[in-house]
Amino acid sequence: MKKRALCVSINDYPDTYNDLQGCVNDANDWSELLCNEFGFGSNITQLIDAQVTRRNILYTFKDLVDTAKGGDVCVFTFSGHGTWIYDQGERDESDKRDEAICVCDDIIVDDEMRAMIREIEPGGY
């Protein structure tokens, strides 16, 4: 069994007045907890501030789920702004809204991440 985590946090939203103050602390705290209390060791990737781009998150998240095998433990944390947009794609939301995380250069909609998770082999989560 492998344990891997991706801890993402963004305090500094470029060219906006929407900066936050405690998100980087969240990623550091999650990483410390997963390492020290849950045995993740060095298998924790952090993306912080300017690293929190759409491309970086989707690439790293995809790697996390693509390499998952039966019995593995995968953790994803995000600390930053969130938003919603009117339901796109599957039209599967009862409230007609897709939730999204706000990254430095765009947003990532929940449907995008769910599509990657669905690709996990049965028993591989």
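When the chain is described by a simple charge dipole with +1 on each Lys and Arg Cβ and -1 on each Asp and Glu Cβ, the residue from 1, 115, 48 located farthest towards its positive end is 1. For the chain, the number of Lys pairs with C-alpha atoms closer than 21 Å, counting only pairs eight or more positions apart or on separate chains, is 4. Taking each residue as 0.36 nm, the span from residue 62 to residue 114 lengthens on full extension beyond its C-alpha to C-alpha distance by 17.7 nm.
Note on residue 62: accessible area approximately 90 square angstrom, rounded to 10, probe 1.4 Å, nucleic acids and ligands left out.
Give me D for the stretch 16-62 in µm² s⁻¹, whole number, from Stokes-Einstein with Rh from the Kirkwood sum over alpha-carbon pairs, 37 °C and 0.692 mPa s. Calculated translational D: 272 µm²/s.
Once backbone amide H atoms are built at 1.01 Å from N, residue 79 has 8, 9, 10 as its partners under 5 Å, excluding neighbours fewer than 5 places away on the same chain. Between residue 33 and residue 88, the distance separating the two model label sites (each 7 Å from Cα on the Cα→Cβ line) works out to 3.0 nm.
For residue 19, the residues whose amide H sits under 5 Å from its own are 13, ignoring neighbours fewer than 5 places away on the same chain, with H placed 1.01 Å from N. Antiparallel beta bridges, as assigned by DSSP with both residues in the chain, represent about 40 percent of the total such bridges.
When the chain is treated as a Gaussian network with alpha carbon springs shorter than 10 Å, the biggest mean-square fluctuation among 115, 50, 27 belongs to 115. Within the shell of other residues whose beta carbon sits under 10 angstrom from the beta carbon of residue 45, the net charge comes to 0, with Lys and Arg scored +1 and Asp and Glu -1. Near residue 35, once Lys and Arg are set to +1 and Asp and Glu to -1 for all other residues with Cβ below 13 Å from its Cβ, the sum equals -1.
Remark: the chain carries a charge dipole of roughly 480 debye about the Cα centre, counting +1 on each Lys and Arg Cβ and -1 on each Asp and Glu Cβ.
The values are calculated or read from the model by the stated rules, or taken from the named source; none is laboratory data. Keep in mind the model is a prediction, meaning the values are calculated, not measured. FYI the Cβ positions are ideal-geometry reconstructions off the backbone, even for glycines, and counts take in every protein chain you see. For accessibility, only protein heavy atoms count, side chains too; no ligands or nucleic acids. Shrake-Rupley method; radii C 1.70, N 1.55, O 1.52, S 1.80 Å.
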